[in-house]
Structure formats: C-alpha cells, structure tokens
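Down below is the structure, laid out as structure tokens.
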Amino acid sequence: MTGARQGYEAGGGEGGAIRVLVLDDEQAIRRVYAMGMQERGFEVETADSGRGALQVLMQQTFDVLVVDLKMQGMDGIVFLQEALKIWPWLGVIVVSGYVTQDAMQRAEKLGVTRVLQKPVELRELCEAVSEEAAAKRRNLEPIPKGHALALMRDHLKLLTRLEHGMPGADTLFQALSEFGQDLARMLVCDVVGLLVLAGDERVLLLTSEKAVSESYLHAVRREMTTRYEVLSGRKLRAEDVRVERRGAPPDASGPARPETTLSVPIILGRDVSGVLTLATEAENPYTPTDVSLLYHAANHISAVFIALRQMHHLATQDPLTGVYNRIRLEEELERSWLLTQRYGASMGVVVVDVDHFKTLNDAYGHAVGDEILREFSRILESVARASDIIARYGGDEFVAILPQAREEDACAFSERLMQSTREHVFCPKTHELRLTISVGIATSLNPTKPATSGELLSQADRALYTAKRAGRDRAAIWPHHSRKEAVREGGGEAEDTVSTLPVVQVPGRIVLVDDESAIRDLLRMMLERDGYVIKTCATAQEAIDAVQAEPGYYDVVLTDLGLPRKSGIDLLRDMSEIDESIVRIVMTGYATVDNAVNCLRQGAYDFIQKPVGRSQLSALIKRALEYRELRLERSRYQAHLEDMVRERSAQLAELLEAIRKSYEFTLEALVGMLDAREHQTGTHSLRTRELTLILARHMGLDENQLETVAHGALLHDIGKIGIPDTILLRPGPLAPDEWETMKKHPEIGYNILRSSPYLGEAADIVREHQENFDGSGYPAGLRGEEICIGARIFRVIDAYDAMRSARVYSAPLSEEEALREITENSGKQFDPQVVEAFLECREAIEACMARPEA
C-alpha cells in the first residue's frame, strides 16, 4: 500500500463543471448566453461592465471568459488586459459585432485567438467554450519551483502583515501606502506610486526606493493618471489631487525614465478608486504570478479595510437614529476637549431631552417612540453646523458637541433647535404629535472652569435638570440661569412665553381588593377623584382573574390583608408570579410587625393602616405609580440594550464572516495555483478538504477543530512548491533519492505556515499528514495518538481520494478495491477508529466525490 500511495501522491483528477464569466453590456444577450450554457452543464456568472467583471474575478475563479469588445466605460480589450493579469491562465472567447483589424491585433497580443462574430449560435458558442477550457488545461504552464516557493511565502507574509496592520490603519491611503512599502521589499522597483480617490482622500503618493530623476517621477505620474482614466472612465485633473513625495530625493544623474511599469486598479465595490503602480528601470522583471500576487493582495487589503471601516461604523453608530452612540460621543468629546485646551478656544456641550417622552412611549407604544427619536435626530442634524457632533446619550437624551462655540453660539443653537422642534409635526401619517424639548448648556470657558471633558458634560447634564425642573420647554445655562426662547414680534421687547402644548396623561389603573363593600366604595371614590381607573374585587380570586384577563393593563394592586378563602399574603405571592411589574400595596386594620414583615417578603411595595385618609392614599398611590414607571423604564432600557447587543453582534459577525471568506478565497487561489502546477491534480485540495470535513463531523469534532482541519486539508500539499518539477511531475514511480526529496514536503509546508497565527494549528496537520499509525511514516516517524487527530483523519481521506482518482500513469481503483486497501491497512497506515468512522460515512463521501464541482 505504501508504494502504491507514493504513486498516487503526484496526481489527481481533472474535470468538474466548466466555470464561465460572461461580460456584455446588453442584458438580453447576457441572459441568453447564461441560460444556454447552463442548460449544457456550465456554471455561469455574468457582469454588465468591465469594472464589475474585475470585481467578480477578484472573488471567484473561472475557466473561460466570454467577452464583448464594444462596451461603455471600459472596453473589452482593456478589461482583458487587466483580467489576464489577475488569472493569467484564463481561456478567452471574444464575441462581438464590431471586430476590426486593430481589435484583432490587440487581442492576439494578449494570446486571444477565438473570436466569434455576433450574432452567434448557442451551439457554436458552447463548443468554443468547451474547446477553450480543454486547450487551456492542456497547455497550462507549470510554475517554476523557485518562483512558486517565493510567491507562496511572500503572499502568506503579506496576509500575516494584513492581519496585524489593517485594524490600526485610519484611512485606505494609509493602509495601501504601508502595503506598497512591503511590496517594494518583495518585488523589483525603483518607485512605488499610489493614487487613492475615495471619499475625502484624493492623494497621489510617489515613494522613491532609490534616487531617480524628475523626469522619471513625471513619467510614473503620467502612467498612473492615464491608467486611472482608462480603467475608471473618468478624467483626472491635476488640481483635483494632492501630490506627495517620500523616500530618496530626486537626482538628475538618476535614471531618466522607467523601462517597466506595473499598475493595478484599487477597486472598492464596483468603482475604480485608485491605482497602485510599481516602476523600475529593469526590463520586464515581473512574471505573470508577480502580477497576480499584486492584484489579489491589493484587492484583499481593500476588502478587509472596507469591512473594518464598516465594523467601526457599526460599533460607533446608534442603530435606531443613525447618529453617533455613547462610545463615539466619549471619543469625540475627549478629542474636541484636547484641541480646545491646546489652542485656547471655547467649545460648547448641549444636552437635550424630549419632554414627556416616557409618557408618550407608554401611551402610543415603542414603535411611535422610536419614530419620534428618529425624526428628532434629523431635526438635530438639520440645525447643526458641519463641524458639530451629534450623538445619542441614552434613552431620549441627545448630546451636541459644538467646537469653537462660545456661550452665545450654544444659546443660538439651542434656540434654533427648540423652535424647529416646536414647529415640527411628529408622526404626521399616524398621530400628528407636537413636542417640546428641554436643553442644558455648558461651555469650556464658563466661570467654574471645568477641568475635564467629563466634567463639562456633567455640567451640561445638570443644566438640563434645571431646565426640566423649571417647567420644561426651555434651556438652562451652566452655571447662570434658565431661560426660555424669547418671542419677538414687530421688533418689540422679548417676553417669556408658556407652552400651550397638551401633555399626554395616562391615568393609573388600580385593582382594589376588599371584602367589605362599603370600604371598597369609599376607596374607589377617593381614587376616582384623582383620575384613576379602578377595578374593585371582593376576593383574591376575582383580582387574579381580572389581572390575567388583561395582561400588562393594571399598574397597582391595593389589597386588604384579611380576605376570605385566600388571604392578602397569598394574593401578593400570586400577583408576583402573574406580573412582576404590578406594584402591590397592603392595607389592614390589624397592623403588626409580623404582618408587615411577611408582606414585604412577598414583594409588597408599602403597608398602610386602616382607616385610610384621602391625602395619605393619594400620596401613596402617586409614589407607587412613579416607582412602577421607573422599574418599567429600567426594564425597557435593559431590553433595548440587549436588542442592540444582539443586533450589533449579528452585524459584526456578518462582517467578520466576509473577512474570513476573503481570506479563504485567497488561500484557495494559492492552492489552485499549486494544483495547476501538477497538471492533473485539478481540484484535489478543495475536494479533499470537503471529504475530510465530512469524516471529521461524523467523528464529532467541534467547530474550532473543524476549521483547523479544513485549513490543514486545503494546504496539505503546500510544501510541494519546494519540490523540483522533475520529481513532482514524473509520470511514474520515483527513484529512492527522488523519494527522499519528496518526503521533505511536509516539513517545508509546516515551515511556511507556522509563522501565521491564523494557520498555526493547521501547520501541525500539514507536517503530520504523511505519518502512519504504526510509526512507519514520515517525516518524524510518529505513531498512534502522537499524530494529531486532524492528520489521522486526513491520512485516510487523502489515500482514498488518490486511489479513486485518475492519474496519467494509472486508472482509478473501484470503490470496492479502494475500501479493501483502506481496511487492510487499518492499524498500519491508518488509525482503526478513523477507518471505522470512514466506513460508516463512506456513502456520504462517495456522494460528495460524485458531484460535478468535486
């Protein structure tokens, strides 16, 4: 078996559905091509523009491109120039109604020889796609050993640096400029050029790795500008870009112009947002794999940066209103404070509260309350300056940070805000509400001289409390006075006005329980005079039935202690189980310490002795309702926080998954290049990963272990990039000295991966995947459980896949023959427990191998 396995090491099965990318700016043509090719078993993706197609190529792999020549923006030839730098081995078919001699010559320079004239029959197109895919597979050039090793090492090194460096980059320009410095150490170049046009960033940076002439730098700049205009379809004026220079100063004796320039687009979404250029006086120093490395790494860093910026945005934005949240508020407050202290300027802080918001929330529901907060946020933003910072402080409180604002500026802001709020109709389609706000103002130069940003915010908060206590609908300034907005008519003197807006009142709802009808009637009349809704009950069971019939409706239960059949103590306990938010009050004519203690133990809010006076009862009920409101508000706020945490967690998890997929795709691209080197291994690494996961799941490995196993299986043969082609691609058994060289590939792979924190555990699987259970394997001769479980699982799958796949020097074994080999080598080459699990799930494994994409 071992000798047979040595033979199976070098090969793999070709096949799988042909993947096609169709690029045409006419939707009808794209749809017809896609449907026709899908009916014939091809896997088809479409794109309507060159830039969109480049983005697709960055994220997926294809066998053949079907490209129209004449399109708006980026034409077909320009697209192919870029596409073949990303994947040099792609097959290409040009389908166009405008095939000129010039276009044919440009296409031939790119190696494109299949050109079909529109209109084209689907049969003819599908045959051309099949022939082009087969021809590319036959003619695939092996990657030179030395360059493949350097490529893989450098790409993994770049990915590792991205893991550590990207979170600290504040801008895309910063991230890419650091990336360019890394490239300068890996690839031959005299000048690294970076053009970024994203958001507020409009920078062209030229970094000289060695002294070159001014004319050299001008040539690089022209190349970058030209490339950007061709790829983006947009003109770039010199005055629109800030030019920076770094590195070695210009030298008139240096090279006059670059012999070679390599430029790749920086694509964000579907837009070309810049260009990364390497320039050198050397002639043609860059190989196709160098170019592919540059494209994929630049795309990876752009994708990761966007995801990280989105994560930062989610982590600092209030999801309900869209303004900053408290975390970002504290950051911006401290930043503004430090700038104020440095330059001796003044800043204002304004804390705003929506008047009677809790009452509105209870009366109309949380959906209306949320809509009010969203609309008020838009009002805040509309009256703020571009430099002002708006944030939600918590609940219905908002904070505005006003840089370089004096007291009169903050007051003017507050008056604009109060007036705009009064004039605004909230929820116009449903309730047409008019609201007011209370405002607290503090400035950094106020007489109390706040020492910290936190103290300044606290002063504004206390000023808000003053405004609310003074009657709401007004602003208060720390530490002077409270003020209402002055209303001036006809140029007269300002005079205070009093808000005439109605305050929404929701009456308290009380269950009154007493077995004496006269007492019930007396207490009911007392409470109804205060505007409360009263439900009277003679027994504890009547009260329980009433509360259960209308869940959440009642606020207070006022019960006598001595009730027939079920006592007031029992009622307290039952009410606690039905609705914990109901405030429970006990009244009795037999007040004792024991009764009071027992009532409090069962959750009573208070204890009142009969006979009950009206003023005493009114005060008690008012306190009870306020207490209930505080408890409900706390509960609502806690639920709101939990919802926010769940929502943020889900959003962050989605973005992290996008980053993980980008990383996985890069690894798969690297492995695809390695598999392509061996001509007939096809999708061997991807297939064995899926098979290994089936077996690992069957054996009960947890999610973390499954991820490690997946990476180990995908990258198991990465060390073969250190094996000479004369050995790796030999169509037959290896000589003894050649076999000794082949046996080094697990250690080579381990050394490549172990430095990556993301792939460190998978490196153990790569090193041990050729170890045998009885200790006869290599490179370390490990035995039994000395071999990690991932390697023991993969050992079985790798051998089975090799035996079931066609090789240039041998036909595949049948399922029965392969299973016999696995069983016979249980306890020798393979772990018996793994073999047992493999036999149990072999049907699922065979089904996976039979799928076209496998």
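The values are calculated or read from the model by the stated rules, or taken from the named source; none is laboratory data. Please read all numbers here as calculations on a predicted model, not as lab measurements. Note that we place each Cβ from the backbone using ideal geometry, even for glycine, and neighbour counts take in every protein chain shown. For accessibility, only protein heavy atoms count, side chains too; no ligands or nucleic acids. Shrake-Rupley method; radii C 1.70, N 1.55, O 1.52, S 1.80 Å.
Considering each of Gly568, Gly562, Gly589, Gly603 in turn, give the residue that is on the phi > 0 side of the Ramachandran plot and free of Cβ contacts under 8 Å to residues at least 60 places away in the same chain. Outline the logic, then answer.
Values: Gly568 fails: on the phi > 0 side of the Ramachandran plot; Gly562 fails: on the phi > 0 side of the Ramachandran plot; Gly589 fails: on the phi > 0 side of the Ramachandran plot.
So the residue among Gly568, Gly562, Gly589, Gly603 that is on the phi > 0 side of the Ramachandran plot and free of Cβ contacts under 8 Å to residues at least 60 places away in the same chain is Gly603.
Mind checking which residues of the range 453-473 are of a type in the set (Ser, Thr, Tyr) and farther than 17 Å from Ile327 by Cα?
Tyr465, Thr466 - these are the residues of the range 453-473 that are of a type in the set (Ser, Thr, Tyr) and farther than 17 Å from Ile327 by Cα.
Evaluate the range 636-649: report whether one residue or more is closer than 20 Å to Asn361 by Cβ, of a type in the set (Ser, Thr, Tyr) and either touching a Pro at 6+ places or on another chain (Cβ under 9 Å) or at pLDDT 85 or above (or both). Talk me through it step by step, then tell me what you get.
Residues of the range 636-649 closer than 20 Å to Asn361 by Cβ: 636-644, 647.
Subsequent filtering for residues that are of a type in the set (Ser, Thr, Tyr) retains 637.
Remaining after also requiring either touching a Pro at 6+ places or on another chain (Cβ under 9 Å) or at pLDDT 85 or above (or both): none.
The answer is no; no qualifying residue exists.
Are any residues in the range 452-508 part of a loop (DSSP other than H, G, I, E, B), modelled with pLDDT of 50 or more and not polar (S, T, N, Q), and if so, which ones? Spell out how you get there, then give the answer.
Residues of the range 452-508 that are part of a loop (DSSP other than H, G, I, E, B), as a first pass: 452, 470-474, 478-481, 484-486, 488-494, 496-508.
Filter once more, so that each one left must be modelled with pLDDT of 50 or more: 452, 470-474, 478-480, 507-508.
Matches in the range 452-508: Ala470, Gly471, Arg472, Asp473, Arg474, Trp478, Pro479, His480, Pro507, Gly508.
Please pick out the residue among Glu528, Glu626 that is under 53 Å from the mean Cα position of the chain (by Cα) and surrounded by fewer than 17 Cβ atoms within 10 Å (Cβ to Cβ).
After ruling out the rest, the residue left standing is Glu626.
Restricting to the range 579-613, name every residue that is open to solvent by less than 40 Å² (accessible area, probe 1.4 Å) and of a type in the set (A, V, I, L, M).
Scanning the range 579-613 gives Ile582, Val583, Ile585, Val586, Met587, Ala596, Ala604, Ile608, Val612.
Would it be correct to say that Thr207 is buried (at least 16 other Cβ atoms within 10 Å of the Cβ), at pLDDT 55 or above, polar (S, T, N, Q) and not in a helix (DSSP H, G or I)? Give the steps one after another, and end with the answer.
Working: buried (at least 16 other Cβ atoms within 10 Å of the Cβ): yes; at pLDDT 55 or above: yes; polar (S, T, N, Q): yes; not in a helix (DSSP H, G or I): yes.
Yes; evaluated as a whole, the condition is true for this residue.
Residues of the range 48-66 being open to solvent by less than 10 Å² (accessible area, probe 1.4 Å), out of contact with any Lys or Arg (no Cβ under 8 Å at 6 or more places or on another chain) and within 21 Å of Leu125 (Cβ to Cβ), which ones?
Answer for the range 48-66, where residues must be open to solvent by less than 10 Å² (accessible area, probe 1.4 Å), out of contact with any Lys or Arg (no Cβ under 8 Å at 6 or more places or on another chain) and within 21 Å of Leu125 (Cβ to Cβ): Gly50, Ala53, Leu57, Leu65, Val66.
I'd like to know if the range 381-396 contains one or more residues that are under 11 Å from Val349 (Cα atoms), of a type outside the set (Gly, Ala, Ser) and open to solvent by less than 10 Å² (accessible area, probe 1.4 Å).
No, the conditions are met nowhere in the range 381-396.
To keep it simple, each residue is scored yes or no on (1) farther than 30 Å from Gly732 by Cβ; (2) surrounded by 21 or more Cβ atoms within 10 Å (Cβ to Cβ); (3) at pLDDT 85 or above; (4) not aliphatic (A, V, I, L, M).
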{"site": "Gly16", "(1), (2), (3), (4)": "no, no, no, yes"}
{"site": "Val32", "(1), (2), (3), (4)": "yes, no, yes, no"}
{"site": "Gln38", "(1), (2), (3), (4)": "yes, no, yes, yes"}
{"site": "Asp68", "(1), (2), (3), (4)": "yes, yes, yes, yes"}
{"site": "Gly73", "(1), (2), (3), (4)": "yes, no, no, yes"}
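Condition check ((1) more than 24 Å from Ser215 (Cβ to Cβ); (2) crowded, with 19+ Cβ neighbours inside 10 Å) across all residues:
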{"position": "Ala238", "(1), (2)": "no, no"}
{"position": "Val243", "(1), (2)": "no, no"}
{"position": "Pro250", "(1), (2)": "no, no"}
{"position": "Ser253", "(1), (2)": "no, no"}
{"position": "Ala256", "(1), (2)": "no, no"}
{"position": "Thr261", "(1), (2)": "no, yes"}
{"position": "Val272", "(1), (2)": "yes, yes"}
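From the list Gly732, Gly777, exactly one residue is at pLDDT below 90, open to solvent by less than 40 Å² (accessible area, probe 1.4 Å) and not hydrophobic (A, V, I, L, M, F, W, C). Which is it?
Gly732
Name every residue in the range 312-325 that is in a helix (DSSP H, G or I) and either open to solvent by less than 20 Å² (accessible area, probe 1.4 Å) or at pLDDT 85 or above (or both), in order of residue number.
The answer is Thr316, and nothing else.
Which residues, counting only those in the range 706-729, are surrounded by fewer than 16 Cβ atoms within 10 Å (Cβ to Cβ), more than 22 Å from Ala763 (Cα to Cα) and without any contact (Cβ under 8 Å) to a residue 40 or more places away in the chain?
Scanning the range 706-729 gives a single hit, Thr726.
Can you tell me which condition Leu464 does not meet? The list is (1) over 30 Å from Val368 (Cβ atoms); (2) surrounded by 22 or more Cβ atoms within 10 Å (Cβ to Cβ); (3) out of contact with any helix residue (DSSP H, G or I) (no Cβ under 8 Å at 6 or more places or on another chain); (4) not acidic (Asp, Glu), and all the others hold.
Result: Leu464 passes all but (1).
Given the range 748-854, what helices (runs of 4 or more DSSP H) lie entirely inside it while holding 1 or more residues that are over 28 Å from Ile723 (Cα atoms)?
815-824, 832-840, 842-850
Kindly indicate whether any position in the range 194-214 is among the hydroxyl-bearing types (Ser, Thr, Tyr), more than 35 Å from the chain's Cα centre (by Cα) and closer than 18 Å to Glu281 by Cα.
yes
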